[in-house]
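Right, one structure below, let's go through it.
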Amino acid sequence: LLDAMSKSAPRWYPLLALLAFTGMRIGEATALRWCDIDTVTSTIRVRRSIDRGHVDTTKTNTKRRAPLLPTLAAILNDHRRRLDYEGLPTAGDAWLFPSQVAFHKGKPMHKKALRKPLLVALEAAGLEGHLTPHGLRRTFNDLMRQVSSGEVVRSIMGHVTERMTEHYSHVRSEEKADAVARI
């Protein structure tokens with residue numbers, strides 16, 4: 001899907017990659033500023049969210065750090081170069097994903113802006129079904145849960161309780177079979 005997005009809707013690829021590699025909520029991702037990207041510690045500071053057009057604290061009123069993988073760092077560097085080329089600010093408090101809509105230019109991107117590009121990417125990838133940014137969060141949660149402890153998953157996802165992490169989980173048949181086979 002990421003490959004299809006990079007070809008079919010390249011402008012949206014950095015946001016999709018960020019969601020896929022971090023499991024962030026779409027409101028958190030669209031509220032990121034360039035100063036939240038810490039290349040020294042290879043982390044992304046998640047400190048705010050956008051809900052109904054208003055920038056506020058995260059859904060759980062907590063701050064956290066998400067790992068910044070080298071692949072994602074390279075994608076964001078390319079994104080920064082493209083924004084620089086377009087004359088948009090890319091330092092300090094500038095939005096990581098600014099709106100490209102004329103009357104909103106320079107403001108944060110609306111969280112619904114990714115819907116159509118996702119449909120285009122799904123079609124380009126030859127995938128059927130429906131995918132939302134929140135679906136990427138659920139997928140990330142499931143994959144993280146399979147390779148790490150609940151504490152680590154909650155820390156990255158921003159879940160306050162184990163119950164919330166479970167709420168996002170979908171245990172696949174293969175996962176059940178693998179667990180039984182290991183007994």
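Data table
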item: Thr43 long-range amide H proximity, modeled H, under 5 Å; result: Asp38, Leu68
item: Stretch gain in nm, segment Arg52-Arg163, where the contour uses 0.36 nm per residue and the Cα spacing is subtracted; result: 37.3 nm
item: Sites Leu2 and Arg182, calculated FRET efficiency, Cβ-Cβ separation with R0 30 Å, nearest 0.05; result: 0.45
item: Theoretical gain in end-to-end length, Arg82 to Arg138 [0.36 nm per residue, Cα-Cα removed]; result: 17.2 nm
item: Count of lysine pairs in the chain with Cα separation under 29 Å (8 or more residues apart, or interchain); result: 16
item: Tilt relative to the chain, helix 70-85 - C-alpha long axis, 0 to 90 degrees, to 10; result: 20 degrees
item: In sequence order, calculated HN-Hα J values of the stretch 116-126 (Karplus, 6.51, -1.76, 1.60; Hz; x Gly/Pro); result: 5, x, 5, 5, 4, 5, 4, 5, 4, 7, x
item: Simple label model, 7 Å out from Cα along Cβ direction - Leu127 to Ser42, nm; result: 2.6 nm
item: Loop-located trypsin sites (Lys or Arg not before Pro) in the stretch 44-113 whose Cβ has at most 16 other Cβ within 10 Å (DSSP); result: Arg52, Lys59, Lys63, Lys105
item: Estimated 222 nm signal from helices in the chain, with DSSP H stretches of n ≥ 4 weighted -39500 (n - 2.57), rounded to 500; result: -14000 deg cm²/dmol
item: The stretch 1-156 shape via C-alpha gyration tensor axes, a/c threshold 1.5; result: rounded
item: Cα→Cβ-extended label distance, 7 Å offset, between Lys107 and Leu119, nm; result: 2.4 nm
item: R0 of 22 Å, Cβ-Cβ distance Leu69-Ser149: FRET efficiency to nearest 0.05; result: 0.70
item: For Ser49, residues with placed amide H under 5 Å, excluding near neighbours; result: Asp56, Thr57, Thr58
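Every read-out reported here was derived from the displayed coordinates using simple, explicitly stated rules and does not represent laboratory data. Bear in mind the structure is a predicted one, so any value in this text is a computation, not a measurement. All Cβ positions, glycine included, derive from the backbone under ideal geometry; neighbour counts span all protein chains shown.
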